[in-house]
1. Ignoring any ligand, DNA or RNA, what whole percent of the accessible area of the chain comes from carbon and sulfur when the probe is 1.4 angstrom?
2. Report the net charge of residues surrounding Ser211, where surrounding means a beta-carbon distance below 12 angstrom and charges are Lys +1, Arg +1, Asp -1, Glu -1.
3. Is it possible to state the helix-based mean residue ellipticity at 222 nm for the chain, with each DSSP H run of 4+ residues giving -39500 (n - 2.57), the sum divided by total residues, to the nearest 500 deg cm²/dmol? What is it?
4. What Kirkwood hydrodynamic radius, in Å, does the chain give when the mean of 1/r is taken over all pairs of distinct Cα atoms and then inverted?
5. For the ranges 101-108, 331-338, what's the packing order if you count other beta-carbon atoms within 10 Å of each residue, average per peptide, and put the highest first?
6. How far, in nm, would the chain grow between Gln226 and Ala114 when pulled straight, counting 0.36 nm per residue and subtracting the alpha carbon separation?
7. If the only charges are +1 at each Lys and Arg Cβ and -1 at each Asp and Glu Cβ, what is the size of the charge dipole of the chain around the Cα centre, to the nearest 20 debye?
8. Would you tally the net charge around Arg15, using a Cβ to Cβ cut-off of less than 15 Å, leaving Arg15 out, and scoring K and R as +1, D and E as -1?
Amino acid sequence: MQAIILAGGKGTRLRPLTLHTPKPIVPIANRPFLDYQIDLLKRVGIIQVILCLSYQPRRIEEMLSDGSHHGIHVNYLMEASPLGTAGAFKNAESMIEGPSVVFNGDILTDVDLAEAMEFHTRAKAMATIILTPVEDPTTYGLVEVDPSGRVNRFLEKPGKDQISCNTINAGIYILEPEVLKYVPTGHAFSFEYELFPKLLEHRVPFFAFVSNGYWVDIGTPARYLQANLDVIAGKLLSFKPDPGNASTTFLNFAEIDELSIIGDDVTLKPGVTIRRSVIGPNCYIEENAVIEDSVVWANSRVGAGGRVVRALVGKSCHIGREARVLEGSVLGDKSVLTDFSRTLHR
Ligand code: GDD
Ligand code: MG
């Protein structure tokens, strides 16, 4: 079996972080996001991966190369202009040999793929969609299922008055190659708005498998931060991060809780406090700075007495002395906050 990862979106909701780092490789607990999806696939023995890319493809290719250092084999498909989710799958047609696992490239999850694959075979499904329960389905694809497990209705981004259940499309599908005949060649086509409604119209065996495991779409700043905090808190059962703070200088003078992750070659000056946070490699945190519930990307600097709370700080930022970067702040790469600056607390 092979996997197809749809990783061509622009990541607009995660700007400014995705201006220079495409969403599929933003770090989660100091690890490129795609590494988590690759782990999930390897656990069920899938090592053939097709990456469908469009936005900043070279950066992703540089990082994964042919996949051999991850023990997988990666093929890349570049779209000159975005083909949409189903169009990207169609574009891979010549490489598809049998049933495929198709993934949205921004889903961090513990879903039991082996169980989902067994379900798909047992149900003799042409398409199986994995569902997850959420409190508010409006920003997702709502999926209604009948008692036999067949999909009844698929409604992408439902309005508040259209919500009839709490199960949504988790962005993971198992698809038989026959599905491809419902997707036109050579132009943009969407799973969510076009293919799934079409499968229902043609009454093909389209089933749903509900997963109650950890699941998050990392595509907004709030959810990206949450994903990091969840991983370091051990909520993603399939991956336990290594605090990896062995190479930290002056560790003895800094207070770091056991959940925080400190990247390589980070300097922490005396009096620094770090709680429930991820500090990227090569950061420089000066005296008495406090970082809480935050993610700071590589090569950034926080000046003496600075405070970063529930915030996201991009690469190579410079936060001045006594500056306050407060809840909800997202600083793009190379942001500079002068001494005593404050961002709003909302
Ligand atoms: N190759 C390629 N080409 N990939 C694409 C394209 C494209 O034209 N458009 C989007 N993608 C990729 C994105 O990179 C992302 O990984 C995935 O498809 C989904 O796109 P998003 O833009 O993140 O969609 P969403 O989060 O609003 O909604 C989707 O995911 C939800 C679950 O998180 C839908 O599938 C919803 O139904 C679903 O509930
Ligand atoms: Mg998404």
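The values are calculated or read from the model by the stated rules, or taken from the named source; none is laboratory data. Because the structure is a prediction, the values reported are computed rather than measured. A quick note on method: Cβ atoms are made from the backbone with ideal geometry, for glycine too, and the neighbour counts reach across all protein chains shown. To get the accessible areas, we keep the full protein, side chains included, count just its heavy atoms, and leave off ligands, DNA and RNA. Shrake-Rupley method; radii C 1.70, N 1.55, O 1.52, S 1.80 Å.
1. Numbers: 7450 of 14800 Å².
Using a 1.4 Å probe with all protein chains present, the chain comes out at 50 percent carbon and sulfur.
2. Spelling it out: positives minus negatives among the neighbours equals -3.
3. -4500 deg cm²/dmol
4. It is 21.2 Å.
5. Peptide ranking by packing, descending: 101-108, 331-338.
6. Taking 0.36 nm per residue and subtracting the Cα distance, the gain is 37.7 nm.
7. It comes to approximately 660 debye.
8. Details: positive: Lys10, Arg13, Lys23, Arg223, Lys315, Lys334; negative: Asp106, Asp333.
Net charge in that neighbourhood comes out at +4.
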